[in-house]
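The values are calculated or read from the model by the stated rules, or taken from the named source; none is laboratory data. No experiment lies behind these values; they were computed from the predicted model shown. Cβ placement follows ideal geometry from the backbone for every residue including glycine, while neighbour counts extend to all protein chains displayed. Side chains are part of the model used for accessible areas, which takes the heavy atoms of the whole protein and leaves out ligands, DNA and RNA. Shrake-Rupley method; radii C 1.70, N 1.55, O 1.52, S 1.80 Å.
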Amino acid sequence: MVNYTNRVMTALESAMGHEIAWPDRQERAVNSAHFAGLGFPGCIGLVDGTLVKLSQRPRDDGETYFDRKSNYSMNVQVICDQNKRVIYFFVGMPGSCHDLTCLRRSSLWGRLGSAQLFDNSQYLLGDNGYIPLDRLVCSYKRTACDMDKVDFNTCVAHARVGNEHCIGILKARWHSLKEIRTQLRNPAENAYVIRWMRCCIILHNFLIWRRDEWSEDDHPIEVERDNDLGPPL
């Protein structure tokens, strides 16, 4: 059974470059036009992090996997478009790591200024778990009585519903992402779990591309909405 699973995973990974790809210039223009209708012209994708729970404490450095929800988990960074299609992801960081820290460790971080990934005035939209950059717009952490900031955060939250639903559908389709039921005892098992999560994301996009619509009426999803404390100082 293990050999068959490995063969299927290898086949899926060979298709990753086709199934998960950063939008080209024409696709970015389409994305930007969509988000302009939500008040964010230039936005080409939504970024957020999610935690994939581990059923047991990992053997090595287990304390680093203990997250803010008092579970052991891995952090997964997900960037999607308005169609809930994943255009980039980064998986493998321990659950105690903040979303901003995980994004900084990803291959995307060093390319946020790349003209190959963004045209003029294009950017990603995230919550206050990130920091504002030229290519990253995020909600305010502290709004106090500033109604302009409150209104802006409301608009961001409305636009980011697509990312919340993307992650919700991903976990609803592949229940193993609600809890990985194995202990990470060595680097090989850690790598295997990362491969497993990668394959689930590839399959998610495979179905999106082929218009296998997820009916929330028939299959409700769990939408994750955390009260984020903001990026680490």
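Restricting attention to the range 134-175, the residues being in contact with a helix residue (DSSP H, G or I) (Cβ under 7 Å, 6 or more places away or on another chain) and not in a helix (DSSP H, G or I) number 4. Just one residue in the set Asp67, Asp48, Asp81 is within 18 Å of Ala159 (Cβ to Cβ), open to solvent by less than 50 Å² (accessible area, probe 1.4 Å) and touching a Gly at 6+ places or on another chain (Cβ under 6 Å); that residue is Asp81.
Residues considered: Asn163, Asn153. Of these, the only one that is among the polar types (S, T, N, Q) and open to solvent by 20 Å² or more (accessible area, probe 1.4 Å) is Asn153. Within the range 84-102, if we keep just the residues that are in contact with a Leu (Cβ under 9 Å, 6 or more places away or on another chain) and free of Cβ contacts under 8 Å to residues at least 60 places away in the same chain, the residue that is surrounded by the fewest Cβ atoms within 10 Å (Cβ to Cβ) turns out to be Phe90.
All conditions but one from (1) of a type outside the set (D, E, K, R); (2) part of a loop (DSSP other than H, G, I, E, B); (3) open to solvent by 40 Å² or more (accessible area, probe 1.4 Å); (4) without any contact (Cβ under 8 Å) to a residue 60 or more places away in the chain apply to Gly110; the one that does not is (2). Restricting attention to the range 9-33, the residues being surrounded by fewer than 13 Cβ atoms within 10 Å (Cβ to Cβ), free of Cβ contacts under 8 Å to residues at least 40 places away in the same chain and not small (Gly, Ala, Ser) number 4. Are any residues in the range 57-83 of a type in the set (Phe, Trp, Tyr) and out of contact with any Leu (no Cβ under 6 Å at 6 or more places or on another chain), and if so, which ones? Answer for the range 57-83, where residues must be of a type in the set (Phe, Trp, Tyr) and out of contact with any Leu (no Cβ under 6 Å at 6 or more places or on another chain): Tyr65, Phe66.
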